[in-house]
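The values are calculated or read from the model by the stated rules, or taken from the named source; none is laboratory data. Owing to the predicted nature of the structure, the values given are computational and were not obtained by experimental measurement. Cβ atoms come from the backbone with ideal geometry, glycine included; neighbour counts cover every protein chain shown.
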Amino acid sequence: MNDSIRESFSYFELYYKMFRVKKYISPEKIFFGNHREQYFLYYEPAKTISNKVLIWVHGGGWNAGTPKLFDFVGQSVANEGYRFISIGYRLSPKNKYPCQIEDVCAGYKAAIRFLEEKGIDTSKLILSGPSAGAHLSSILCYSSKVQKEYSTDVTNIIGFIGSGGPYSFSVKTSLSVKLLLNQLFLKDYDRLCGDPLFLMTKSQIPMLLIQSKHDGLIEFDCAKQFADKAKKLGISCELYEVQDEKNTHSWYTVGMFLETRAENKGLDKFFTWIEKL
């Protein structure tokens with residue numbers, strides 16, 4: 001079966017499992033702007049086993065999704081003993097880029113202030129995101145231009161994990177992604193200003209890129225190009241090819257958090273990589 005069709009057929013099972021996840025932790029909701037989508041959720045694990053904090057930017061094609069919708073990701077990460085922050089942002093098509101990266105940078109800075117006010121160590125941060133969230137969080141991590149423009153200090157980020165990210169706009173892409181990008185950008189906007197590959201500059205932040213050759217939406221070469229440029233710039237990078245049978249876009253970017261590490265190799269890779277940082 002065609003991978004894009006497999007991706008479309010995956011949604012029913014994903015949503016079925018998403019809304020049946022047990023909620024052990026009630027996250028704190030903190031607004032960092034006046035818009036209803038400008039907030040983040042903070043998850044304090046019942047038992048903290050690590051001083052590393054995971055900051056996550058949700059996906060959803062830039063036009064859908066909220067931290068609340070992806071509560072199951074926070075539950076999964078907190079269950080592993082990590083403090084977890086899930087950042088929201090204004091959605092397209094009503095809000096055009098760069099609104100999204102403005103919000104992610106603002107949310108990131110607000111999250112650090114929030115943690116410091118709680119007396120939590122912020123010296124070991126991991127930034128991560130799936131799909132559109134990988135696009136936005138990769139720009140925050142690796143674009144010195146964006147960091148300077150939005151006064152964003154990434155000194156304490158010790159790792160970046162992106163899964164299924166559209167890191168390069170020059171790679172041949174699916175019709176669905178083309179339509180989403182048309183919604184994200186104004187017609188006359190220079191898209192290179194939102195292209196992670198073009199914006200990438202030298203950095204000390206190591207990266208893990210999780211990508212599937214059976215994604216159905218994003219080409220594997222998208223991550224390959226991003227990884228190749230990272231290595232040329234001297235950035236430590238590992239490109240991990242998804243090994244699980246459920247290897248289409250939504251399953252391996254967020255669906256993996258609905259399973260256990262024993263069940264899902266991608267999820268185990270995600271946490272193993274963090275543990276080794």
Discussion item. Test of understanding: among S92, S128, S86, which residue is among the polar types (S, T, N, Q), closer than 21 Å to G194 by Cα and in a strand (DSSP E or B)?
Written reply: S128
Response to the item:
Those residues of the stretch 205-255 that are in contact with a strand residue (DSSP E or B) (Cβ under 7 Å, 6 or more places away or on another chain), under 12 Å from K265 (Cα atoms) and assigned to a loop (DSSP other than H, G, I, E, B) come to a total of 1
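Among the candidates T66, T122, which residue alone is within 24 Å of P206 (Cα to Cα) and assigned to a loop (DSSP other than H, G, I, E, B)? Lay out the reasoning, then the answer.
Numbers: T66 fails: within 24 Å of P206 (Cα to Cα).
Only one candidate passes the filter, namely T122.
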Item to complete: Search the stretch 252-265 for residues that are more than 16 Å from H214 (Cβ to Cβ) and pair each with any residue that is of a type in the set (D, E) when their beta-carbon atoms are under 7 Å apart and the residues are at least 6 apart or on different chains.
Response: R261/D268
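Being surrounded by 15 or more Cβ atoms within 10 Å (Cβ to Cβ) and either of a type in the set (G, A, S) or closer than 22 Å to S4 by Cβ (or both) is the requirement here; does C237 meet it? First the steps, then the outcome.
Values: surrounded by 15 or more Cβ atoms within 10 Å (Cβ to Cβ): yes; either of a type in the set (G, A, S) or closer than 22 Å to S4 by Cβ (or both): no.
So C237 does not fit the description; no.
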Practice prompt. Could you look through the stretch 228-260, keep only residues that are out of contact with any helix residue (DSSP H, G or I) (no Cβ under 9 Å at 6 or more places or on another chain) and of a type in the set (K, R), and pick out the one that is nearest to G60 (Cα to Cα)?
Written response: K231
Discussion item. Can you find a residue that is among the charged types (D, E, K, R) and either farther than 24 Å from L267 by Cα or modelled with pLDDT under 95 (or both) anywhere in the stretch 118-129?
Written reply: yes
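Kindly indicate whether any position in the stretch 147-161 is in contact with a Phe, Trp or Tyr (Cβ under 7 Å, 6 or more places away or on another chain) and closer than 23 Å to R83 by Cβ.
Of the residues in the stretch 147-161, the ones in contact with a Phe, Trp or Tyr (Cβ under 7 Å, 6 or more places away or on another chain) are 152, 161.
Adding the requirement that they be closer than 23 Å to R83 by Cβ leaves 152, 161.
Yes, because at least one residue in the stretch 147-161 is in contact with a Phe, Trp or Tyr (Cβ under 7 Å, 6 or more places away or on another chain) and closer than 23 Å to R83 by Cβ.
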Worksheet item: For residues in the stretch 191-216 being under 15 Å from S163 (Cα atoms) and among the small types (G, A, S), which is surrounded by the fewest Cβ atoms within 10 Å (Cβ to Cβ)?
Response: G216
Worksheet item: Which of the following residues is without any contact (Cβ under 8 Å) to a residue 60 or more places away in the chain and not in a loop (DSSP other than H, G, I, E, B): L41, L54?
Response: L41
Worksheet item: Taking the stated definitions as given, is I49 surrounded by 18 or more Cβ atoms within 10 Å (Cβ to Cβ), farther than 25 Å from G216 by Cα and of a type outside the set (S, T, N, Q)?
Response: no
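Identify all residues within the stretch 154-202 that are charged (D, E, K, R), free of Cβ contacts under 8 Å to residues at least 24 places away in the same chain and not in a helix (DSSP H, G or I); write none if there are none. Can you show your working first?
Going through the stretch 154-202, the residues charged (D, E, K, R) turn out to be 172, 178, 187-188, 190-191, 195, 202.
Of the ones still in play, those that are also free of Cβ contacts under 8 Å to residues at least 24 places away in the same chain are 178, 187-188, 190-191.
Across the stretch 154-202, the qualifying residues are K187, D188, D190.
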Worksheet item: Could you say whether any residue in the stretch 16-24 is assigned to a helix (DSSP H, G or I), out of contact with any Cys (no Cβ under 6 Å at 6 or more places or on another chain), of a type in the set (A, V, I, L, M, F, W, C) and buried (at least 16 other Cβ atoms within 10 Å of the Cβ)?
Response: yes
